[in-house]
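Below is one structure, written out as structure tokens, with a few remarks after it.
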Amino acid sequence: SQYKVGYFVGSLSSTSINRLLAKALVGLAPESLELVEIPIRDLPLYSQDYDDDFPPVARAFKEAIAEVDAILFVTPEYNRSIPGGLKNAIDWATRPWGRNSFTRKPSAIIGTSPGAIGTALAQAQLRNVMCFCNSPLLNTVEAYIQFQPGLITETGEVTDEKTRQFLRNYMNEFHTFIVRVLTVLPREK
Ligand code: FNR
């Protein structure tokens, strides 16, 4: 069967290596997963003042999450944590109180940086956050991708065979996980 995965790119950079990684994952995902981006760029900074009346951009954002079966985070590490823009988007998604868009929605986390730890600390922190948000998280395989110049081309081609296999396997594992979670916790439509 066919599952829809909404992906968040944690970077707003026009030259983002995480956007390249997301592009690559779209190409390497199994046929049974349809990947669509859920953009975070135009969300204002969240405040509880919005809770009575969310702006259209935030409503559209929450509707986009409601429409997918699972979430994939593709994020850089900023100062050993997740970028503020991504945290802002997550905060929007969990509000107003009692309307948490992530409840029971399976998710997975992946990221790349030029540094040797390949976003490991950001991913660990994002795990904490998504755990609190009641999202069943893919625990294995973990994917900390150290980016080398040319590893992924502008069109999302992974130039290294081992990395390509690793990422393909990652998406296959995510698919298996989604099937398992949704068998136990079917989506409320
Ligand atoms: C970074 N970078 C970085 N890298 C890392 O491995 N650990 C870190 O804690 C940080 N911290 C950090 C903070 C800020 C504010 C910036 C702008 C950058 C470097 C980062 O990995 C690099 O810029 C990547 O290219 C960011 O990913 P995108 O935006 O290209 O996807």
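Computed from the coordinates by the stated procedures, all read-outs in this text should not be read as laboratory data. Because the structure is predicted, anything quoted here is derived from the model rather than measured. Neighbour counts are summed over all protein chains in view; Cβ atoms, including those assigned to glycine, are modelled from backbone coordinates with ideal geometry.
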message = If I take all pairs of Cα atoms in the chain, what percentage of them are more than 21 Å from each other?
response = 48 percent
message = Testing the spin-label approximation: label points 7 Å from Cα along Cα→Cβ at ARG187 and GLU67. State their distance in nm.
response = 1.1 nm
request  = Provide ASP53, ASP160, ASP69 in ascending order of the number of other Cβ atoms located within 10 Å of each residue's Cβ, fewest first.
outcome  = ASP53, ASP160, ASP69
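By count of other Cβ within 10 Å, fewest leading, how are GLU67, GLU154 ordered?
Fewest-to-most Cβ neighbours within 10 Å comes out as GLU154, GLU67.
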inquiry  = Amide H of GLY118 versus every other amide H placed in the peptide plane: which residues, excluding those fewer than 5 positions away on the same chain, fall under 5 Å?
reply    = SER113
remark   = To the nearest 20 debye, the chain has a Cα-centred charge dipole, built from +1 on Lys and Arg Cβ and -1 on Asp and Glu Cβ, of 340 debye
task = Treating cross-link reach as a plain straight distance, find the aspartates and glutamates whose alpha-carbon is under 14 Å from the alpha-carbon of LYS23, omitting any fewer than eight places away in the same chain.
result = GLU34, GLU37, GLU154, GLU157
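Please compare each pair in LYS105/LYS162; LYS62/LYS87; LYS87/LYS162 to a cut-off of 22 Å on the Cα-Cα distance and tell me which ones are over it.
Violating the 22 Å Cα-Cα cut-off are LYS105/LYS162; LYS87/LYS162.
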message = Normalised radius of gyration for segment 42-147, please: alpha carbon Rg relative to 2.2 N^0.38 Å, two decimal places.
response = 1.09
query = To the nearest 20 debye, what is the magnitude of the charge dipole of segment 91-189 about its Cα centre, counting +1 on the Cβ of each Lys and Arg and -1 on the Cβ of each Asp and Glu?
reply = 580 debye
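Quick one: ARG59, ARG104, ARG95, fewest Cβ neighbours within 10 Å first, how do they rank?
Lowest to highest Cβ neighbour count: ARG59, ARG104, ARG95.
Once you have the Kirkwood Rh of segment 16-94 from its Cα pairs, apply Stokes-Einstein at 4 °C and 1.567 mPa s and quote D in µm²/s.
So the translational diffusion coefficient is about 92 µm²/s.
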query = So for segment 14-147, taking the charge dipole from beta-carbon charges (+1 Lys/Arg, -1 Asp/Glu), which of ILE38, ALA70, PRO136 sits furthest toward the positive end?
reply = PRO136
